[in-house]
Amino acid sequence: MSTKPTPAPDKPTAPLPGRLTAAAALTALEGLALAGLGIYMLFVGIAGDADSAQQAETGGLTLIALAALPLVAARGLRLARRWSRGPALITQLMALPVAWTLYTTGGAMIAAAVALAATAVAVVALLVNPTATEALGIGQPSS
């Protein structure tokens, strides 16, 4: 006769605020864009179409590794984990100098710079909003 452990009762959870959901979605989008660009650079390096295959491959692997931060942060935000706000904010702070660099490059990169900067500012605004901080349990004494 085997005994199965009884499952723990489900804790009632409050619905995730829309601001937190939006911040998680935008952060995940940034992570996916980084991963996609990294995969593209990796394949360009492997195919030999780049000026420097080694540089393209290294850059691609670096971008794929950097994509982990916003993707993990987005997952944490979606699950309303307190720790996820820090990595999400760090991602946005890292995105702003990148946006500036894209902007100063000129040409078609200006549109990418504006989109990246707008996304970063929007996520920061969403994450410092009292609704989001309350949902993450930030600023409240832990029980």
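Below is a table of values for the structure above.
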{"read-out": "Check on Ile64, over 20 Å from the mean Cα position of the chain (by Cα) and more than 22 Å from Ala14 (Cα to Cα)", "value": "no"}
{"read-out": "Checklist (1) within 13 Å of the chain's Cα centre (by Cα); (2) surrounded by 17 or more Cβ atoms within 10 Å (Cβ to Cβ) applied to Ala56, failing item", "value": "(1)"}
{"read-out": "Residue within the stretch 124-138 that is open to solvent by less than 40 Å² (accessible area, probe 1.4 Å), touching a residue at least 60 places away in the same chain (Cβ under 8 Å) and either of a type in the set (Asp, Glu) or touching a strand residue (DSSP E or B) at 6+ places or on another chain (Cβ under 6 Å) (or both) present", "value": "no"}
{"read-out": "Residues located in the stretch 103-115, provided they are open to solvent by less than 40 Å² (accessible area, probe 1.4 Å) and either in a helix (DSSP H, G or I) or in contact with a His (Cβ under 8 Å, 6 or more places away or on another chain) (or both)", "value": "Ala113"}
{"read-out": "The listed residue being surrounded by fewer than 17 Cβ atoms within 10 Å (Cβ to Cβ) and either more than 24 Å from Leu127 (Cβ to Cβ) or at pLDDT 95 or above (or both), out of Thr62, Thr27", "value": "Thr62"}
{"read-out": "In the stretch 116-143, the residues that are in a helix (DSSP H, G or I) and touching a helix residue (DSSP H, G or I) at 6+ places or on another chain (Cβ under 6 Å)", "value": "Leu116, Ala117, Thr119, Ala120, Val123, Val124, Leu126, Leu127, Thr131, Ala132, Ala135, Leu136"}
{"read-out": "Candidates Ala22, Ala56, Ala14, filtered to the one that is touching a residue at least 12 places away in the same chain (Cβ under 8 Å), closer than 25 Å to Leu126 by Cβ and part of a helix (DSSP H, G or I)", "value": "Ala22"}
{"read-out": "Gly86 exposed (fewer than 15 other Cβ atoms within 10 Å of the Cβ), of a type outside the set (Ser, Thr, Tyr) and in a helix (DSSP H, G or I)", "value": "yes"}
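Listed here are the residues, each with its yes/no results for (1) closer than 21 Å to Gly139 by Cα; (2) of a type in the set (Asp, Glu).
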{"site": "Glu57", "(1), (2)": "no, yes"}
{"site": "Ala65", "(1), (2)": "no, no"}
{"site": "Ala80", "(1), (2)": "yes, no"}
{"site": "Ser84", "(1), (2)": "yes, no"}
{"site": "Ala88", "(1), (2)": "yes, no"}
{"site": "Leu96", "(1), (2)": "no, no"}
{"site": "Thr105", "(1), (2)": "no, no"}
{"site": "Ala111", "(1), (2)": "no, no"}
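The values are calculated or read from the model by the stated rules, or taken from the named source; none is laboratory data. For clarity, every value in this text was computed on a predicted model and none was experimentally measured. Every residue, glycine among them, receives a Cβ derived from its backbone with ideal geometry; neighbour counts consider all protein chains shown. With ligands, DNA and RNA removed, areas are computed over all heavy atoms of the protein, side chains included. Shrake-Rupley method; radii C 1.70, N 1.55, O 1.52, S 1.80 Å.
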